[in-house]
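Below is one structure, written out as structure tokens; comments come after it.
The values are calculated or read from the model by the stated rules, or taken from the named source; none is laboratory data. What you see is a predicted model, and the numbers here were worked out from it, not measured in a lab. Cβ: placed from backbone, ideal geometry, glycine included. Neighbour counts: every protein chain shown.
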Amino acid sequence: MPEGVGNATYFISDLHLAPERPGVTAALNDFLEQRRDARALYILGDLFEYWVGDDDDAPIVGEVAHMLQHFSLDGPELYLMHGNRDFLIGERFATRVGATLLDDPTVIDLDGQSVLLMHGDSLCTRDTEYLAFRAVARSKEWQEDALARPLEERRGLAQHLRQMSRDAGSRKADDIMDVTGSEVVATMEAHDCHTLIHGHTHRPAHHEISTGERWVLGDWDTTGWYLRAAEGRFELKEFDIN
Ligand SMILES: [Mn+2]
């Protein structure tokens, strides 16, 4: 086995990396350096607070790209799924960091077990306003139009969308922002999976449900979260971020 490749699979999401929170970027660097037993790392969306295109030359993009490159070159497989903030990440960035872009949802084989991976936003079906925006913003037409604009204009658009998302979040009832139980069950059944891992809701937890189990990853702020899977066992861990 090459150095740096072990038997553990890690899942993280919702780091919401942004220049104004350098501590979280530093925490990602530490996290990656400490994963000596990693066989694979799955980043299940919202690695970045916003994404304006793979041509973004902002320092944080270069910094994070360098960390991920370093990690994947050491041997572990690296997978990236889009979140509702960074859904414009493209193949160019994925290739640059040695990652494979995953569809949402994706089913993986984890030590012989089928596991369903999602970001989680599509499970929040009571938030009809957001789902309407999602349908538009995930279309090829909308994305091609957005990405054809000059970088400065895209940065302005990203700030506008962030503000809209924050305003909408503060207006909406708490239960709208969580997943819909029946949607979780239907999605797991449709994919024939007894284990679901997702992020997005910032409500880290392990839920035992009728279809099996649901692991919810946590967001990174003053603490960070990861889910570790090895030898058929899952562990959800929280750690301090300085
Ligand atoms: Mn999200």
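Residues in region 147-186 that are part of a helix (DSSP H, G or I), at pLDDT below 95 and of a type in the set (Gly, Ala, Ser): Gly156, Ala158, Ser165, Ala168, Gly169, Ser170.
Among the conditions (1) outside any helix (DSSP H, G or I); (2) basic (Lys, Arg); (3) within 15 Å of the ligand (Cβ to nearest atom), the only one that Arg126 does not satisfy is (3). Number of residues in region 194-242 that are within 14 Å of Val24 (Cβ to Cβ) and under 14 Å from the mean Cα position of the chain (by Cα) equals 7. For region 66-78, the criterion of being within 26 Å of Arg162 (Cα to Cα), among the charged types (D, E, K, R) and more than 13 Å from the ligand (Cβ to nearest atom) is met by no residue. Count of region 220-234 residues, restricted to those that are surrounded by 12 or more Cβ atoms within 10 Å (Cβ to Cβ) and free of Cβ contacts under 8 Å to residues at least 24 places away in the same chain, is 1.
Looking only at region 155-179, filter to residues that are free of Cβ contacts under 8 Å to residues at least 12 places away in the same chain and of a type in the set (D, E, K, R); which one of those is nearest to Leu196 (Cα to Cα)? So the residue we want is Asp174.
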